[in-house]
Amino acid sequence: MCGIVAYLGRRHAYPILMNGLYRLEYRGYDSAGLALLNDDLQVYKTKGKVSDLEAFVSGKNISGSVGIAHTRWATHGEPNNINAHPHVSPSGNMALIHNGIIENYVYLKEELIRRGYKFRSSTDTEVIIHLIEDFMVNVEVPLEEAVRMAMDMVIGAYAIVVISKHDPHKLIAARKASPLVVGIGDGEFFVASDPTPIVEYTKNVVYLDDEEIAILELDQELKIRTIRNQEKVPYVEKLEMNLSQLEKGGFPHFMLKEIFEQPRSIRDSLRGRLNAAQGVVYLGGIRDFEQKLVNAERIIIVACGTSWHAGLVGEYLLEDIARVNVEVEYASEFRYRNPIICEKDIVIAISQSGETADTLAAIELAKQKGATILGICNVVGSSIARATHAGSYTHAGPEIGVASTKAFTAQVTILTMMALMIADKKGTIRRSRFHQLLNELEKIPSKVEKALLLNDKIREMAEIFKSASNFLYLGRGYSFPVAMEGALKLKEISYIHAEGYPAAEMKHGPIALIDEEMPVVVVATNKELYDKVLSNIQEVKARKGIIIALVKEGDTSVANLADYVIELPDTEESLMPLVATVPLQLLSYHIAVMRGCNIDQPRNLAKSVTVE
Ligand code: F6R
């Protein structure tokens, strides 16, 4: 869950590393550090953000054209200067950065301590650099071989990069279950947790696979070996990413930029897949499994967090339109509860980052049981994208704000197309209805544009509610996952306690919380359950709760009852989550800004959760 970046070449490494750390800061931001090779090995690290590291190194020796850098999200050992990476070998000659968790580090550490090694930090990482040096000194093998032998001993997840004073023109990188990508420039190499620190220097990248070791040497070709010591031919891919996607583009925060990007990102998710005029919906990435999907008796969706909420919308869509039995599972629960999985099952794994450890583990479990696994991922080449049998990329573009926004709507867009594709092939909806839904889906980006015009009004509402201590979000049917997502957005960036609940469930508990202090956001856009939602609103009003209602344009009944109303452009009920989520994202955003919260890097969170 940390971010790592490394450089080897002829340029000044420091600005490349620092720039890279800023790009990767979304992955973790409790401490940061870097190591540079010049006349000596210079290591600088500090608690705090990348900007704290930048201030810390100011005036110090930052020369050198080889270096490694790290931004941390603490797992083992509190965030402090000592536990920050890089970690240095006992002799002080080598430095290492690591993203992942070494599960057997206690055993390895005890062994090393028994043999006289001393440890400085309380991290799991430090054992790796001790082991590497131990192999170099006692077995007298080259650096890459020492790395191979060390990584053969560790159990767990790792993406590492090592440098050594004795090999000043070499970087060794290795990965297992944590992402690592190598950028190949003209006489230079870059290594990073994702391509964002690399894209401005080269578009040629190699995504390392599990248990691969990359040997990078100045003026040499990239070499890859496996932990089993087999040579691999590097597979060079072209990055489809540009720099402007990684910048705020005039917005004060990435989150706001990403909220406003949604008309574009939904269009990109639809592009080449939906042609309403011709009545076609086609997901090329899963074409080989299309028939299996159509014939599936059961679909299991696994995901975490916001992606799980998208999965919930997917369940409603697939059951409603395609009449297939769907189960939506928290990946972390699914993998540990001995679930029943059959060969005929289709498992759909949803993940923005494509690196979420629990989702990956759920995929592996389902694979072992013989199920077909399809992915819905945003990050191209990510671990989940590669672990699945096939999949559809969301094409939302890099999502940098830690709170997921455009990824959610893109995931729901893909799920909608999947449901429509299955429904059409199975004949569970009439052709005319199919056309109607395709036409409406095509209009969703412009409806989201319209929803974004509510921004000023929502900012005014945020002013009223910014000091609330609790929020309740209610919805029924398709609006229920929207309520859950609205509550999650609010709590993660504003730190206000918020609960998303099925509206009717409110009277089985949460109603006890309602008083004149409690804002209740009701997503009241359903046609079918309209009267029931009206009753739920009455129940809240009777207890003096404050109603903020999301309604369809022209709705008067709810609007007359509610204290505050957000009017949304009308669309099909099944497509409403794509529109209704947007004002809730904006509400959270503005409240969090007014409370002075760190929008793009909320406390304790990280963008990709690569620990279990
Ligand atoms: C919420 C959020 C998280 C992620 C979750 C899964 O805003 O960002 O809840 O949705 O950690 O991440 P991915 O989708 O990368 O698997």
Tell me, yes or no, whether the range 437-455 has at least one residue that is assigned to a helix (DSSP H, G or I) and either without any contact (Cβ under 8 Å) to a residue 24 or more places away in the chain or within 13 Å of the ligand (Cβ to nearest atom) (or both).
no
Checked the range 340-353 for anything more than 16 Å from the ligand (Cβ to nearest atom), crowded, with 18+ Cβ neighbours inside 10 Å and not aliphatic (A, V, I, L, M); matches are Asp345
Does Leu584 qualify as being touching a helix residue (DSSP H, G or I) at 6+ places or on another chain (Cβ under 7 Å), within 15 Å of the ligand (Cβ to nearest atom) and closer than 29 Å to Ala542 by Cα?
yes
Working only within the range 459-494, note down all residues that are within 20 Å of Met576 (Cβ to Cβ), at pLDDT 95 or above and part of a loop (DSSP other than H, G, I, E, B).
Tyr478
Looking only at the range 588-603, decide whether some residue is under 20 Å from the mean Cα position of the chain (by Cα), buried (at least 21 other Cβ atoms within 10 Å of the Cβ) and not in a loop (DSSP other than H, G, I, E, B).
yes
Just checking, does the range 558-581 include any residue being surrounded by 21 or more Cβ atoms within 10 Å (Cβ to Cβ), within 16 Å of the ligand (Cβ to nearest atom) and not assigned by TED's automatic domain parsing to the domain that holds Gly28?
yes
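Could you please find all residues in the range 370-385 being under 23 Å from Arg298 (Cα atoms) and either among the β-branched types (Val, Ile, Thr) or in contact (Cβ under 8 Å) with a residue 40 or more places away in the chain (or both)?
Of everything in the range 370-385, those that are under 23 Å from Arg298 (Cα atoms) and either among the β-branched types (Val, Ile, Thr) or in contact (Cβ under 8 Å) with a residue 40 or more places away in the chain (or both) turn out to be Ala371, Thr372, Ile373, Leu374, Ile376, Ile384.
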Filter the range 536-557 down to residues that are of a type in the set (Asp, Glu) and part of a loop (DSSP other than H, G, I, E, B) and give me whichever is surrounded by the most Cβ atoms within 10 Å (Cβ to Cβ).
Asp555
Name the single residue that is farthest from the chain's Cα centre (by Cα) among those in the range 206-236 being farther than 20 Å from Tyr7 by Cβ and not in a loop (DSSP other than H, G, I, E, B).
Glu231
Boolean, Gly477 is more than 16 Å from the ligand (Cβ to nearest atom) and at positive phi
yes
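Mind listing whichever residues of the range 343-395 are part of a loop (DSSP other than H, G, I, E, B), of a type in the set (A, V, I, L, M) and closer than 20 Å to Asp288 by Cα? Outline the logic, then answer.
Restricting attention to the range 343-395, the residues satisfying the condition of being part of a loop (DSSP other than H, G, I, E, B) are 343-345, 352-356, 369-371, 378-382, 388-389, 394-395.
Narrowing the set further to residues that are of a type in the set (A, V, I, L, M) leaves 371, 379-380.
Listed by number, the residues that qualify are Ala371, Val380.
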Could you tell me which numbered condition Met417 fails, if it satisfies all but one of (1) buried (at least 24 other Cβ atoms within 10 Å of the Cβ); (2) over 16 Å from Val302 (Cβ atoms); (3) of a type in the set (A, V, I, L, M)?
(1)
List, please: which pairs have Cβ atoms under 8 Å, are six or more places apart or on different chains, and start with a residue in the range 344-360 that is on the phi > 0 side of the Ramachandran plot and end with one that is more than 9 Å from the ligand (Cβ to nearest atom) and assigned to a strand (DSSP E or B)?
Gly354/Gly375
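The values are calculated or read from the model by the stated rules, or taken from the named source; none is laboratory data. Here the structure is a predicted model, which means the values were calculated and not measured. Cβ atoms come from the backbone with ideal geometry, glycine included; neighbour counts cover every protein chain shown.
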